[in-house]
Amino acid sequence: MESQTLQITEDEAALYDRQIRLWGLEAQQRMRNSSILISGIRGLSNEVCKNLVLAGVGSVTIIDHNNVTEEDLGAQFLITEQDLGKNRALASANGVRHLNPRVVVKTDTDDIREKSEEFFVNYDLICLTDSDPDTMIHVDRICRKYNKKFYAACTYGFFGYIFSDLNHHDYIQEKKTVVPSKEEPEITRSKKSEEFVSLETALSKNDWDQVSVKRLNKISRVLWNILILWKFQQEEKRVPTTNENDITKLKSLRDSLFTSNNINVTTVTDEFLWTFTLNVTAELSPVCAIIGGILAQDILNTLSQKELPINNFFVYDGFEGSGLIYQVQPGKKIL
């Protein structure tokens, strides 16, 4: 993180009084001086931008080279029909600014895949939404090189994920202890640190066979499907559809994933593989709100250095109403 340069004013202290009471003035100060890049403007990033701006971060830059289409009107609340054909970032910017005029909101209409490494140096934290795996791996490499915090997230209809790579992250852990003689619990604070791995390293995990069959089948079927989906995207350079050829390809990738790792996973059935694929391009406002809220809160934890953020995958299954965290990396048994 960059050194703090701006101090919270009296007006800001009054505005953010409740959250300052929650996580302290120092944490709010760190957030106040943070610069965040949000890539991809759809339903999920709308929720993330909203929550970050309302919390009082320093600046948010939204980048998207795509134009608004009719499909964007379903889950997004920062654009209207009048914005059809306009650039997504430009169309959404005023809505973000109106949420909290104290936050600096910038826009960029370039394709993030064409940005130089120097572009990312200007930010403390980079968050990619609705991105493809190759772009995520590329940007994550840059973030690790320049010690920037990295997040990626996406919703697939009823499903979704969050991935975080914070490299080396220091944070404060609070523990409350009830003391019989006192009305309020005693709070002890201790400094902690956590190591994260890159997305590329996480995806290289090839020791799944070290996890018991019972535990393997407790892993969310959504995590397995995301790994299969990303492999398809890397090979085909597009998202799959439910046509016969794509489903056959996905089944082959599933079988290859499990066979190459010498594991037997029964939760990713043909039926669920088809259902997940049917959801890949869909956006549902409630799911965007759930994952966007969790993602924004985790980003705030990272910026404020309060509590341990997600390390490293969070996956959401809307059919089961469950959200689970997995630390996917070589040498880890994940559960």
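The values are calculated or read from the model by the stated rules, or taken from the named source; none is laboratory data. All values derive from a computational prediction rather than experimental measurement. Please note: Cβ atoms are built from the backbone with ideal geometry, for glycine as well, and neighbour counts cover all protein chains shown. SASA here: full protein model, heavy atoms, side chains in, ligands and nucleic acids out. Shrake-Rupley method; radii C 1.70, N 1.55, O 1.52, S 1.80 Å.
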**Request:** Would you please state which residues of the range 297-335 a label at Asp270 would reach in this model, taking the label point 7 Å out along Cα→Cβ and a backbone N cut-off of under 12 Å?
**Result:** none
**Message:** Report the number of Lys pairs in the range 199-279 whose alpha-carbons are under 17 Å apart, with separation of 8 or more residues or on distinct chains.
**Reply:** 4
**Message:** Give me the percent of accessible area attributable to carbon and sulfur for the range 142-239, probe 1.4 angstrom.
**Reply:** 46 percent
**Request:** Could you size up the charge dipole of the chain around its Cα centre, putting +1 on the beta carbon of Lys and Arg and -1 on that of Asp and Glu, and report it in debye to the nearest 20?
**Result:** 940 debye
**Probe 1.4 Å, protein heavy atoms only - accessible area per residue of the chain in square angstrom** = 47 Å²
**Request:** Scan (1) 0.98; (2) 1.04; (3) 0.93 for the value of Rg/Rh (Cα atoms, Kirkwood Rh) calculated from this model and give just the label.
**Result:** (1)
**Message:** Cβ neighbours within 10 Å, averaged per peptide: list 166-173, 148-155, 262-269 in order, most packed at the top.
**Reply:** 148-155, 166-173, 262-269
**Request:** Would you calculate a helix-derived [θ] at 222 nm for the chain, using -39,500 (n - 2.57) for each DSSP H run of n ≥ 4 and dividing by the full residue count, to the nearest 500?
**Result:** -12000 deg cm²/dmol
**At R0 = 30 Å, FRET efficiency that the Cβ-Cβ distance of Leu25 and Lys332 yields, to 0.05** = 0.25
**Asked** Does the range 110-252 classify as rounded, prolate or oblate by the C-alpha gyration tensor (a ≥ b ≥ c root eigenvalues; a/c under 1.5 gives rounded; else a/b over b/c gives prolate, otherwise oblate)?
**Response** oblate
**Request:** State the extension gain, in nm to one decimal, for the chain segment bounded by Arg18 and Ser212, taking 0.36 nm per residue of separation less the distance between their alpha-carbons.
**Result:** 65.3 nm
**Request:** Return the carbon/sulfur percentage of the accessible area of the range 59-125, one whole number, probe 1.4 Å, all protein chains in place.
**Result:** 45 percent
**Complete:** Pseudo-spin-label distance Ser285 to Glu174, built 7 Å along Cα→Cβ, given in nm, is 3.3 nm
**Asked** Which of Val121, Tyr151, Ser204 sits closest to the plus end of the dipole of the chain, meaning its Cα is farthest towards the positive end, when Lys and Arg get +1 and Asp and Glu get -1 on the C-beta?
**Response** Ser204
**Cα centroid of the range 280-328 to Cα centroid of the range 200-259, whole Å** = 20 Å
**Complete:** Here the FRET efficiency for Asp255 versus Arg141, based on Cβ atoms and R0 = 35 Å and rounded to 0.05, is 0.70
